[in-house]
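*Asks:* Structure incoming, see below.
The values are calculated or read from the model by the stated rules, or taken from the named source; none is laboratory data. All values derive from a computational prediction rather than experimental measurement. When we count neighbours, we look across all protein chains shown, and the Cβ atoms used for this are built from the backbone with ideal geometry, even at glycine.
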Amino acid sequence: MISTWLTDRFDLTVPVVSAPMAGVSGGRLAGAVSAAGALGTIGFAVGKPEELAAEAAVAAATGRPFGIGLLAWLLDHQPALLDAALDSGPALVSVSFGDCAPYLRRVRDAGVVAVTQVGTVDEARQAVDAGVDLVVARGGEGGGHGRDAVATLPLLQGVLDAVDVPVLAAGGIATARGLAAVLAAGAAGAWVGSAFTACPEGANSDTAKSAVVGAVETDTLYTTVLDLGRGAHWPSEYGGRAIRNTFADTWHGREAELESSGVRSDEPAVWVGQAAGLVNTVRLAADVVADLATAEELLITMWQRCTDLHPPMR
Ligand SMILES: Cc1cc2nc3c(=O)[nH]c(=O)nc-3n(C[C@H](O)[C@H](O)[C@H](O)COP(=O)(O)O)c2cc1C
């Protein structure tokens, strides 16, 4: 069994966190991931504290540790969500995208592992100054919202060199090969979103799941027009990656014109990253986790090749 800071801290058998994904990862998906030996998280964007508490109760019913992921720029408008999150007994709380520092301090003071997702090396340093226990280096190929400044591998290498807290890699990791690669680089594990977007336990629609299964790796687009088209006010530095659709193809690159026109989209966006091309079937979260767990065999094979080349000195 692979042992890292992540597996030791949360008593996991697989060094994976299923990423918070509002609209997809409710208590059912998070609980299924945690029951399978990884750490499941609930993603929550807008809603009532009671609704978050109800999702957390579903995940907690597995008796395994779980996490909650909140959005910093929305917490500014609904601070009670952080209280509800901390009261519901999570082992980890992530606060990402926006001014996270005050929220992360509260998480840490509550004795809960405080996490944020960063998109540049500088952001990773700021996160450490804010007191995070764990940094997620999230590259631009990832699904949903975040920065598109740097891809996962160059970001991971830079962040691992720059900070002295454990680092998880995020963005584009959906198979054992990807997990093995980031573990070999020095990450404590992977923060995996897209690979769980076609699970029956997810709260997203069957249409969205089918769209993910049907997509290839070139079918996604990083853009702000899908948010402009639904009237969502994400800070401008955070676009989102989703499957291209007619609205995105029509308006991407014409953002100012879209804003002044007031045109709205009625096509629901399917948020997912480039790893959509690796998700080829609807399958249980436990099967996704079991597949990721085979990273261990890949690493052992690689280790054996190294020792064959360089046998120990007698
Ligand atoms: C459908 C979807 C919804 C997401 N919602 C959230 C969210 O509510 N909060 C958050 O911090 N990150 C959110 N993310 C980003 C993920 O936490 C993570 O950064 C991303 O999924 C990692 O890249 P990957 O999709 O290639 O695995 C979302 C991602 C997806 C695909």
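*Asks:* Name the residues in the stretch 222-236 that are surrounded by fewer than 18 Cβ atoms within 10 Å (Cβ to Cβ) and either out of contact with any Phe, Trp or Tyr (no Cβ under 9 Å at 6 or more places or on another chain) or over 18 Å from residue 73 (Cβ atoms) (or both), would you?
*Replies:* 230, 231, 232, 236
*Asks:* Out of the residues in the stretch 201-221 meeting the condition of being surrounded by fewer than 21 Cβ atoms within 10 Å (Cβ to Cβ) and hydroxyl-bearing (Ser, Thr, Tyr), tell me which one is farthest from residue 288 (Cα to Cα).
*Replies:* Residue satisfying both the conditions and the ranking: 218.
*Asks:* Which members of the stretch 179-206 meet the condition of being touching a residue at least 40 places away in the same chain (Cβ under 8 Å) and part of a helix (DSSP H, G or I)?
*Replies:* Correct list: 179, 180, 183, 184, 194, 195, 196.
*Asks:* In this structure, does residue 183 turn out to be under 20 Å from residue 24 (Cβ atoms), buried (at least 18 other Cβ atoms within 10 Å of the Cβ) and touching a strand residue (DSSP E or B) at 6+ places or on another chain (Cβ under 8 Å)?
*Replies:* Here the answer is no, as residue 183 does not meet what is asked.
*Asks:* For the stretch 51-77, how many residues meet the condition of being surrounded by fewer than 21 Cβ atoms within 10 Å (Cβ to Cβ), in a loop (DSSP other than H, G, I, E, B) and modelled with pLDDT of 95 or more?
*Replies:* 4
*Asks:* Test residue 235 against the stated conditions and say whether it is more than 14 Å from the ligand (Cβ to nearest atom), at pLDDT 95 or above and part of a loop (DSSP other than H, G, I, E, B).
*Replies:* Details: more than 14 Å from the ligand (Cβ to nearest atom): no; at pLDDT 95 or above: yes; part of a loop (DSSP other than H, G, I, E, B): yes.
Here the answer is no, as residue 235 does not meet what is asked.
*Asks:* Shifting gears a bit: Going by the conditions given, is residue 143 in contact (Cβ under 8 Å) with a residue 60 or more places away in the chain, of a type outside the set (D, E, K, R) and near the ligand (Cβ under 8 Å from one of its atoms)?
*Replies:* In short, yes.
*Asks:* Same structure, new question: Of all residues in the stretch 257-274, which are in a loop (DSSP other than H, G, I, E, B), away from the ligand (no atom under 11 Å from the Cβ) and either free of Cβ contacts under 8 Å to residues at least 12 places away in the same chain or of a type in the set (A, V, I, L, M) (or both)?
*Replies:* 262, 263, 266
*Asks:* Give the number of residues within the stretch 77-100 that are within 16 Å of the ligand (Cβ to nearest atom) and closer than 17 Å to residue 136 by Cα.
*Replies:* 9
*Asks:* Just to be sure before I move on: is residue 24 at pLDDT 95 or above, surrounded by fewer than 20 Cβ atoms within 10 Å (Cβ to Cβ) and more than 19 Å from residue 176 (Cβ to Cβ) in the structure I sent?
*Replies:* It is false that residue 24 is at pLDDT 95 or above, surrounded by fewer than 20 Cβ atoms within 10 Å (Cβ to Cβ) and more than 19 Å from residue 176 (Cβ to Cβ).
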